[in-house]
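Structure first, commentary second.
The values are calculated or read from the model by the stated rules, or taken from the named source; none is laboratory data. Keep in mind that this is a model prediction, so the values were computed, not measured. When we count neighbours, we look across all protein chains shown, and the Cβ atoms used for this are built from the backbone with ideal geometry, even at glycine. Side chains are part of the model used for accessible areas, which takes the heavy atoms of the whole protein and leaves out ligands, DNA and RNA. Shrake-Rupley method; radii C 1.70, N 1.55, O 1.52, S 1.80 Å.
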There are 2 protein chains.
Amino acid sequence: MEPLAEKKKAILESTLELVKENGFHGTPMSMVAKEAGVAAGTIYHYFDSKERLICELYSYVKQRAIDALQAGDNEDLPYQDRFFAIWMSLYTFYIKNPNVLRFFEQFVNSPYNTNIVEVRHDEFHSLLYLFFEKGIEQGHLRPVNPEILGVLAHGSIITTAKVYGRGKVRLGDAELKQIAQILWDGMSVR
Amino acid sequence: MEPLAEKKKAILESTLELVKENGFHGTPMSMVAKEAGVAAGTIYHYFDSKERLICELYSYVKQRAIDALQAGDNEDLPYQDRFFAIWMSLYTFYIKNPNVLRFFEQFVNSPYNTNIVEVRHDEFHSLLYLFFEKGIEQGHLRPVNPEILGVLAHGSIITTAKVYGRGKVRLGDAELKQIAQILWDGMSVR
DNA sequence: TGCTTTCAATTGAATATTCATTCGGTCGGC
DNA sequence: GCCGACCGAATGAATATTCAATTGAAAGCA
């Protein structure tokens, strides 16, 4: 709760950074400790185990994605504008936080994920779901399972951000707009 | 080369299976050996190290994806039909080989990947690239960077396969068609 | 105020375990 | 008897986790 103890935060941030570069294995607790400027034992004051550390980091970082999602949205705008605004703000979030993107991708496909986490209500997921559900109700989007629309849209964002991250393709604003447009044109009722 | 030594193949298949369940860490060489029915030392007869084993497995498995891609394609069909056929055959491949999907996702985001692999000509990638490039040239698709179109389409397949894999959503043939249609409608010139 | 007590935060060396890798040796065909 | 495939116990390096010891700030007390 409270402003997340100084050291606890440092541990989380260090882990995020190191996992991006070295993966889950490849980042021993001793390395995390060093990077965070604390003793190895201190980590265990805040986290029961490495597994818990990773899982808490996941929640911690996911909240940031939720914030980005909500910050970019404005319920007063026309639906289509909201779609593009959300697309762009999430994209921008991933571009600005490449370590988050990388961590997510690693975590989601790791055995850490199979466990309890995720089971409890997933806010990010339901925000997307509700947004697309509403689009269908209001007649903007095709009547396809909103779950699918949500992951398709999010997938396109992640995918585009990864392409950007590989650095081989330059993506200007115009091109980004084109990509979001592809999704919109495909999903919307014409 | 030659019909891939019996044991070598067993090692690769076992690794694929175990990595799916336990991740890269979490699958010690001893476990691979046991599952494959060989001695630990034998693995090192075929692979220099664990890293090499993982990387070779990646190539091995990727070839299967390429085969699926090509098997589903027929250059004589109209372009749009080819698009749907490719989409479906890759989707089917991932559905039938969930361990491949899982392994890919883990590998691509792991530090193993940053290394040399991938650098040399990536056939899967260029097959997709060429297909979309041709679609643009022939006026079927919007003039967007074919690289982007390729990863968007592939991303939608992977994403859909993952949703299926989570098992929470039932996906009938009609629904799959709808998803591919969304992509097509978005990318094609109307 | 000065003194003691308490206790959570912190340390980092020691522990115990887990694994990748090695290597001396066996086996079967040529 | 030569040789490559194969074996599996032994080795050695990592590394997650523990814990006895230290700190320092707040709380009680006189």
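Tabulated data for the structure shown
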{"read-out": "Pairs, first of a type in the set (Phe, Trp, Tyr) in the stretch A:151-169, second surrounded by fewer than 20 Cβ atoms within 10 Å (Cβ to Cβ), C-beta under 7 Å, six or more apart", "value": "A:TYR164/A:ILE95; A:TYR164/A:LEU171"}
{"read-out": "Tally, over the stretch B:146-190, of residues that are within 7 Å of chain A (Cβ to nearest Cβ) and of a type in the set (A, V, I, L, M, F, W, C)", "value": "9"}
{"read-out": "Helices (runs of 4 or more DSSP H) fully within the stretch A:10-124 counting 1 or more residues that are among the basic types (Lys, Arg)", "value": "A:29-36, A:50-72, A:79-96, A:98-108"}
{"read-out": "Output for the stretch A:159-176, where each listed residue is within 21 Å of A:PHE132 (Cα to Cα) and open to solvent by 20 Å² or more (accessible area, probe 1.4 Å)", "value": "A:THR159"}
{"read-out": "Candidates B:SER89, B:SER110, B:SER126, B:SER188 - the one that is among the hydroxyl-bearing types (Ser, Thr, Tyr), out of contact with any Cys (no Cβ under 9 Å at 6 or more places or on another chain) and under 30 Å from A:LEU18 (Cα atoms)", "value": "B:SER110"}
{"read-out": "Evaluation of A:LEU16 against (1) surrounded by 17 or more Cβ atoms within 10 Å (Cβ to Cβ); (2) within 15 Å of DNA strand D (Cβ to nearest atom); (3) within 17 Å of A:ASN113 (Cα to Cα) (one fails), failing number", "value": "(2)"}
{"read-out": "The lone exception for A:PHE103 - which of (1) more than 13 Å from every other protein chain (Cβ to nearest Cβ); (2) in contact with a helix residue (DSSP H, G or I) (Cβ under 8 Å, 6 or more places away or on another chain); (3) more than 16 Å from DNA strand D (Cβ to nearest atom) it fails", "value": "(1)"}
{"read-out": "Any hit, the stretch B:90-97, residues being within 14 Å of another protein chain (Cβ to nearest Cβ) and modelled with pLDDT of 95 or more", "value": "yes"}
{"read-out": "Within the stretch B:25-57, considering residues that are crowded, with 19+ Cβ neighbours inside 10 Å and away from DNA strand D (no atom under 11 Å from the Cβ), the one farthest from the other protein chains (Cβ to nearest Cβ)", "value": "B:PHE47"}
{"read-out": "Hits in the stretch A:129-145 - residues which are without any contact (Cβ under 8 Å) to a residue 60 or more places away in the chain and either within 9 Å of chain B (Cβ to nearest Cβ) or open to solvent by 20 Å² or more (accessible area, probe 1.4 Å) (or both)", "value": "A:TYR129, A:LEU130, A:GLU133, A:LYS134, A:ILE136, A:GLU137, A:GLN138, A:GLY139, A:ARG142, A:PRO143, A:VAL144, A:ASN145"}
{"read-out": "Condition met for B:ALA5 (open to solvent by less than 60 Å² (accessible area, probe 1.4 Å), more than 14 Å from every other protein chain (Cβ to nearest Cβ) and more than 16 Å from DNA strand D (Cβ to nearest atom))", "value": "no"}
{"read-out": "Neighbours by Cβ (under 6 Å, 6+ apart or cross-chain): first from the stretch A:69-85, more than 15 Å from A:PHE132 (Cβ to Cβ); second part of a helix (DSSP H, G or I)", "value": "A:GLY72/A:ALA85; A:GLY72/A:ILE86; A:GLY72/A:SER89"}
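Conditions tested, residue by residue: (1) touching a helix residue (DSSP H, G or I) at 6+ places or on another chain (Cβ under 9 Å); (2) at pLDDT 95 or above; (3) within 15 Å of DNA strand C (Cβ to nearest atom).
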| residue | (1), (2), (3) |
| --- | --- |
| A:LEU4 | yes, no, yes |
| A:ILE11 | yes, yes, yes |
| A:GLY23 | yes, no, yes |
| A:SER30 | yes, yes, yes |
| A:ALA33 | yes, yes, yes |
| A:ILE43 | yes, yes, yes |
| A:LEU53 | yes, yes, yes |
| A:ASN74 | yes, yes, no |
